[in-house]
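Visitor: The following block contains the structure, expressed as C-alpha cells.
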Amino acid sequence: MNDAQTIAVEVVGVEQVTPLIKHFKLAPVGGGSLPVFSGGSHIIVVMRAADRVHKNPYSLLGSPSQLETYEIGVRRMEESRGGSHYMHDRVAVGSRLEIAHPVNLFGLDKIARKHVLIAGGIGITPFLAQLEDLHGGAVPYELHYSVRSAEHAAFLERLRRREGERLHMYHDSEGQMIPFETLLAAQPLGTHVYVCGPAGMINHVINTARSCGWPDSHIHWEQFSAPPVGDAFEVFLARSKISVHVPHDQSLLESIEAAGVEVPYLCRGGVCGFCHTRVLELDGELVHNDHFLSDADKAKGSSIMPCVSRAHCKRLVLDL
Amino acid sequence: MLVTGIKSKPVYAPLQADTRGRCHLMLGMGVGAAPLLRVIAEMGTAAPKGLQNTHVLFVPDAGTAGEVERFRAAVGSVQAFPSTPALLGEFRSTLGRALMGTRLYVAGPESFIGLVMKIALEFNLNKDEIRAEECGTLARRVYCIHCRATTENVRTNIVRCVECGRWLLVRDHYSRRLAAYMGVMVDAEAPGELPQLVEVFL
C-alpha cells in the first residue's frame, strides 16, 4: 500500500457515541461505491495535519453489504501522538480525508463450528462488521463485550436489538469480569475464539485458551499498537543512500516516508508484517514493539517492523 | 505418468504425546496398537494425569486382540469394535460431545487414518490437533473419477473399478474429503493397452 492508491472521502456523519468514542461515516468524494470488504477489515485513514501526516488504522464497523459509506469508531487516546485527537477535534461533517483500501487481518474462520467473540472497549469495532456476516447464519456464535461502565458501551443499542441473548455485557465499574476460564474450557470442538481489546485482555485470552488446550490456529486476535515514542536516532537507508533523522515522537516508518522513501505497509500497527525491513548495521539495540516477529527473530535483530519499532542507537542502517 | 511427486499425498510422523491437550482421543486398528501404547507410556511419564482423560477406540485384528487388555490397564476408557465402520460411528458421536482442548492420535493403515481424518475434518479439527502414524498395510482406497465409486484394499498400480469396470491408474493425488486416492482410466487413449499389473502398495 502507498499513497498513490488512496481513496478521497468526505465525512458525511459524526456522532459522539460515548464520552471517548466518536463514530464517523465516510463517503467517496464524487459519489459511487467504496471497495468491497469483509467483516474484520480495517482501513488506514490519512490525516494531513499542519505539521505532519497521520496514518492510523481503524476497523470498518458498518455492514459489508452497504458500500455507499464506510463507518469507523475512533477512541480518543490519552497519550495520542495526534491522530485520534485530530479525528476528534478537527474532523467534522464535510471534512475531506484520504483512506487506503480495506485489508482484512482479522477474518472469521469460514469452516468454524462456533465463534466466540470477545471485545474490550473500542475493540468492539471489528466485531460489528463480523456480526453482520454471522447474523442469520447457521453457525452459532456469542459475543462477550466488556466496558468500563454503562456510559462507555459504544454501539450497545445496535447490538442489543440485533443479538439479543447472544450478547453478554460486563461492566468493570460493577466488578463484572468475563469468566475466561469457564468460557474457554467448555466450548465444543471446532470453536474459534476472537479477541480485540486492550493488550492485557488479549494476552489473558491467549494464555487462558492455551492452558485449556486450544491450539493457536483456533485463537485469533487483533490489536493495533500506536507507534510508541522513544529516543531520537539516525537511520541510513542503504539503497536510497540517504540519512534520516527519527524524532522522539515520530515513528521510523513515518520518518522514512517524510524523507520521500516509500515502504510497503498494510496495517501500520505491528500486526501484518508487510513493512518487514532488513537491518544491515546497528551500533545499539532494536526496540521491537510489533506482534509479528517471533521472540527468536526479535532477539536475532536482523529485521525490524518500522511501523511501530524503533532503535536505541547512534546509527542504524536499513536495506531500503 | 502423473503418479508420484504429488503434494497432496499425506505425510505421517511418529506419534508423540501432546501434554497441552486436556483430553486425548486415541484411535487405532490392528498393528496401530503398538504406537498408541508407546504414546500412552510416554504420557505416563510426562503427564500421568492425562491418562485419566485418555480414551481409546480400537479395532483389533487376529494378532492384536490381546492389546485391548493392555489399553484397559493403562487409560481411562477403552472401547473395542468389530469393524472400522463400527468404530467410526462411535467416533463421530464422541466428537459431537468433545470440547476444545481435545487431541486426536490415530495409528493404523493409511486407509483407516484417512477415514478417521475425514470425520475429524467435518468437526473443523486442525492439523495441530491431530497426530497420525501410519503402520500396517499400504493398501489404498481408490476413487474412480469416472463413476465416483470407491474401490477398497487396492495393492496394485492399476486396478479394475468395482463399479464401472474401467482399468484405473492409481495416482498419489489424495483427497482428504474423500479419504481416497484418485483413480484415472489408464487406457482411455489406447483401449486395451495396459501397463503391467504390479503389486506396489503392500
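Visitor: Just to be sure, is A:Leu108 at negative phi and assigned to a loop (DSSP other than H, G, I, E, B)?
Guide: Values: at negative phi: yes; assigned to a loop (DSSP other than H, G, I, E, B): yes.
Against the criterion (at negative phi and assigned to a loop (DSSP other than H, G, I, E, B)), A:Leu108 qualifies.
Visitor: On the basis of being modelled with pLDDT of 95 or more and either in the same structural domain as A:His312 (by TED's automatic domain parsing) or not hydrophobic (A, V, I, L, M, F, W, C) (or both), does A:Gln223 make the cut?
Guide: Details: modelled with pLDDT of 95 or more: no; either in the same structural domain as A:His312 (by TED's automatic domain parsing) or not hydrophobic (A, V, I, L, M, F, W, C) (or both): yes.
Criteria not met by A:Gln223.
Visitor: Between A:Asp109, A:Asp89, A:Asp133, which is in the same structural domain as A:Arg161 (by TED's automatic domain parsing) and among the charged types (D, E, K, R)? First the steps, then the outcome.
Guide: On the way: A:Asp109 fails: in the same structural domain as A:Arg161 (by TED's automatic domain parsing); A:Asp89 fails: in the same structural domain as A:Arg161 (by TED's automatic domain parsing).
From the options A:Asp109, A:Asp89, A:Asp133, the qualifying one is A:Asp133.
Visitor: For segment A:52-75, give me each residue that is more than 14 Å from the chain's Cα centre (by Cα) and part of a loop (DSSP other than H, G, I, E, B).
Guide: Initial filter on segment A:52-75 (more than 14 Å from the chain's Cα centre (by Cα)): A:52-54, A:62-71.
Matches in segment A:52-75: A:Arg52, A:Gly62, A:Ser63, A:Pro64, A:Ser65, A:Gln66, A:Leu67, A:Glu68, A:Thr69.
Visitor: For segment B:13-23, what are the residues that are surrounded by 19 or more Cβ atoms within 10 Å (Cβ to Cβ) and either touching a Pro at 6+ places or on another chain (Cβ under 8 Å) or part of a helix (DSSP H, G or I) (or both)?
Guide: The answer is B:Leu15, and nothing else.
Visitor: Which ones in segment A:171-210 are without any contact (Cβ under 8 Å) to a residue 24 or more places away in the chain, surrounded by 15 or more Cβ atoms within 10 Å (Cβ to Cβ) and within 11 Å of another protein chain (Cβ to nearest Cβ)?
Guide: A:Arg210
Visitor: Just to check your reading of the model, which residue among A:Glu157, A:Glu132 is out of contact with any Leu (no Cβ under 8 Å at 6 or more places or on another chain), loosely packed, with under 13 Cβ neighbours inside 10 Å and either within 14 Å of chain B (Cβ to nearest Cβ) or part of a helix (DSSP H, G or I) (or both)? Write out each step before concluding.
Guide: Values: A:Glu132 fails: loosely packed, with under 13 Cβ neighbours inside 10 Å.
Exactly one of A:Glu157, A:Glu132 is out of contact with any Leu (no Cβ under 8 Å at 6 or more places or on another chain), loosely packed, with under 13 Cβ neighbours inside 10 Å and either within 14 Å of chain B (Cβ to nearest Cβ) or part of a helix (DSSP H, G or I) (or both), namely A:Glu157.
Visitor: In addition: Considering each residue of segment B:125-154, count those that are among the charged types (D, E, K, R) and away from chain A (no Cβ under 14 Å), and give that number. So that I can check it myself, show each step before the final result.
Guide: To start, the set of residues in segment B:125-154 that are among the charged types (D, E, K, R) comprises B:127-129, B:131, B:133-134, B:140-141, B:148, B:152.
If we keep only those that are away from chain A (no Cβ under 14 Å) too, we end up with B:133-134, B:140-141, B:148, B:152.
Matching residues across segment B:125-154 total 6.
Visitor: Let me ask another. Might you check whether a residue that is among the β-branched types (Val, Ile, Thr), more than 14 Å from chain B (Cβ to nearest Cβ) and either touching a Ser or Thr at 6+ places or on another chain (Cβ under 8 Å) or more than 27 Å from A:Leu167 (Cα to Cα) (or both) occurs anywhere in segment A:95-109? Don't jump to the end; show me each part of the working.
Guide: The first filter runs over segment A:95-109 and keeps only residues among the β-branched types (Val, Ile, Thr), leaving A:99, A:103.
Those left that are additionally more than 14 Å from chain B (Cβ to nearest Cβ): A:99, A:103.
Imposing the further condition that a residue be either touching a Ser or Thr at 6+ places or on another chain (Cβ under 8 Å) or more than 27 Å from A:Leu167 (Cα to Cα) (or both) reduces the set to A:99, A:103.
Within segment A:95-109 (the criterion being among the β-branched types (Val, Ile, Thr), more than 14 Å from chain B (Cβ to nearest Cβ) and either touching a Ser or Thr at 6+ places or on another chain (Cβ under 8 Å) or more than 27 Å from A:Leu167 (Cα to Cα) (or both)), the answer is yes, since at least one residue qualifies.
Yes or no, residue by residue, for (1) touching a Pro at 6+ places or on another chain (Cβ under 8 Å); (2) part of a helix (DSSP H, G or I); (3) modelled with pLDDT under 95:
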| position | (1), (2), (3) |
| --- | --- |
| A:Met169 | no, no, no |
| A:Ile178 | no, no, no |
| A:Thr182 | no, yes, no |
| A:Thr208 | no, yes, no |
| A:Gly213 | no, no, no |
| A:Asp231 | no, no, yes |
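Visitor: I would also like to ask the following. For segment A:288-300, indicate whether the set of residues that are away from chain B (no Cβ under 14 Å) and touching a strand residue (DSSP E or B) at 6+ places or on another chain (Cβ under 6 Å) is non-empty.
Guide: If we filter segment A:288-300 for residues that are away from chain B (no Cβ under 14 Å), which is where we start, we get A:288-300.
If we keep only those that are touching a strand residue (DSSP E or B) at 6+ places or on another chain (Cβ under 6 Å) too, we end up with none.
No.
Visitor: Among the candidates B:Val142, B:Val184, B:Val162, B:Val170, which residue alone is in contact (Cβ under 8 Å) with a residue 12 or more places away in the chain and outside any strand (DSSP E or B)?
Guide: On the way: B:Val142 fails: outside any strand (DSSP E or B); B:Val184 fails: outside any strand (DSSP E or B); B:Val170 fails: outside any strand (DSSP E or B).
Result: B:Val162 is the single residue among B:Val142, B:Val184, B:Val162, B:Val170 that is in contact (Cβ under 8 Å) with a residue 12 or more places away in the chain and outside any strand (DSSP E or B).
Visitor: Follow-up. From the list A:Val317, A:Val271, exactly one residue is closer than 29 Å to A:Ala199 by Cα, of a type outside the set (S, T, N, Q) and touching a Leu at 6+ places or on another chain (Cβ under 9 Å). Which is it?
Guide: Details: A:Val317 fails: closer than 29 Å to A:Ala199 by Cα.
A:Val271 is the lone residue from the list that is closer than 29 Å to A:Ala199 by Cα, of a type outside the set (S, T, N, Q) and touching a Leu at 6+ places or on another chain (Cβ under 9 Å).
Results for (1) crowded, with 21+ Cβ neighbours inside 10 Å; (2) in contact with a Leu (Cβ under 7 Å, 6 or more places away or on another chain), shown as yes or no for each residue.
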site: A:Val11; (1), (2): no, yes
site: A:Gln16; (1), (2): no, no
site: A:Val36; (1), (2): no, yes
site: A:Ser59; (1), (2): yes, no
site: A:Leu67; (1), (2): no, yes
site: A:Ser95; (1), (2): no, no
site: A:Leu117; (1), (2): yes, yes
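Visitor: Oh, and also: Within segment A:301-314, which residues are in a loop (DSSP other than H, G, I, E, B) and of a type in the set (A, V, I, L, M, F, W, C)? So that I can check it myself, show each step before the final result.
Guide: Filtering segment A:301-314 for residues in a loop (DSSP other than H, G, I, E, B) gives A:301-302, A:305-309, A:313-314.
Across segment A:301-314, the qualifying residues are A:Met305, A:Cys307, A:Val308, A:Cys313.
Visitor: Scan A:Val261, A:Val317 and give me the residue that is of a type in the set (Val, Ile, Thr), part of a loop (DSSP other than H, G, I, E, B) and over 17 Å from the mean Cα position of the chain (by Cα). It would help to see each step written out before you state the result.
Guide: Values: A:Val317 fails: part of a loop (DSSP other than H, G, I, E, B).
None of the other options fit; the residue is A:Val261.
Visitor: Considering only segment A:211-235, how many residues are away from chain B (no Cβ under 14 Å) and more than 20 Å from the chain's Cα centre (by Cα)?
Guide: Matching residues across segment A:211-235 total 6.
Visitor: With the condition being within 14 Å of chain A (Cβ to nearest Cβ), I'd like the strands (runs of 3 or more DSSP E) fully within segment B:24-124 carrying at least 3 qualifying residues.
Guide: Details: elements: B:54-59, B:77-80, B:102-108.
Because the criterion is at least 3 residues that are within 14 Å of chain A (Cβ to nearest Cβ), the strands (runs of 3 or more DSSP E) in segment B:24-124 that meet it are B:102-108.
Visitor: Which members of segment A:266-300 meet the condition of being of a type in the set (Asp, Glu) and in a loop (DSSP other than H, G, I, E, B)? Working first, answer last.
Guide: If we filter segment A:266-300 for residues that are of a type in the set (Asp, Glu), which is where we start, we get A:281, A:283, A:285, A:290, A:295, A:297.
Scanning segment A:266-300 gives A:Asp283, A:Asp290.
Visitor: Looking at A:Ser243, A:Ser251, which is the one that is crowded, with 21+ Cβ neighbours inside 10 Å, of a type in the set (S, T, N, Q) and either under 30 Å from A:Val53 (Cα atoms) or under 19 Å from the mean Cα position of the chain (by Cα) (or both)?
Guide: On the way: A:Ser243 fails: crowded, with 21+ Cβ neighbours inside 10 Å.
Of the residues listed, the single one that is crowded, with 21+ Cβ neighbours inside 10 Å, of a type in the set (S, T, N, Q) and either under 30 Å from A:Val53 (Cα atoms) or under 19 Å from the mean Cα position of the chain (by Cα) (or both) is A:Ser251.
Visitor: Can you tell me which of B:Gly183, B:Gly192 is out of contact with any strand residue (DSSP E or B) (no Cβ under 8 Å at 6 or more places or on another chain), away from every other protein chain (no Cβ under 14 Å) and not β-branched (Val, Ile, Thr)? Lay out the reasoning, then the answer.
Guide: On the way: B:Gly183 fails: out of contact with any strand residue (DSSP E or B) (no Cβ under 8 Å at 6 or more places or on another chain).
Of B:Gly183, B:Gly192, the one residue that is out of contact with any strand residue (DSSP E or B) (no Cβ under 8 Å at 6 or more places or on another chain), away from every other protein chain (no Cβ under 14 Å) and not β-branched (Val, Ile, Thr) is B:Gly192.
Visitor: I'd like the full set of residues that are buried (at least 22 other Cβ atoms within 10 Å of the Cβ) and in contact (Cβ under 8 Å) with a residue 24 or more places away in the chain, limited to segment B:92-101. Spell out how you get there, then give the answer.
Guide: Narrowing segment B:92-101 to residues buried (at least 22 other Cβ atoms within 10 Å of the Cβ): B:100-101.
Correct list: B:Gly101 only.
Visitor: From the set of residues in segment B:5-61 that are among the small types (Gly, Ala, Ser) and out of contact with any helix residue (DSSP H, G or I) (no Cβ under 9 Å at 6 or more places or on another chain), which is nearest to B:Ala98 (Cα to Cα)? Talk me through it step by step, then tell me what you get.
Guide: First, the residues of segment B:5-61 that are among the small types (Gly, Ala, Ser): B:5, B:8, B:13, B:17, B:21, B:28, B:30, B:32-34, B:41, B:44, B:46-47, B:50.
Next, only the ones that are out of contact with any helix residue (DSSP H, G or I) (no Cβ under 9 Å at 6 or more places or on another chain) stay: B:5, B:8, B:13, B:46-47.
Working: B:Gly5: 37, B:Ser8: 28, B:Ala13: 24, B:Ala46: 23, B:Ala47: 20 Å.
Looking at the filtered set, the residue picked out is B:Ala47.
The values are calculated or read from the model by the stated rules, or taken from the named source; none is laboratory data. Since the model is a prediction, treat every value here as computed from it, not as a measurement. Positions of Cβ are generated from backbone atoms using ideal geometry, with glycine treated the same way; all protein chains shown enter the neighbour counts.
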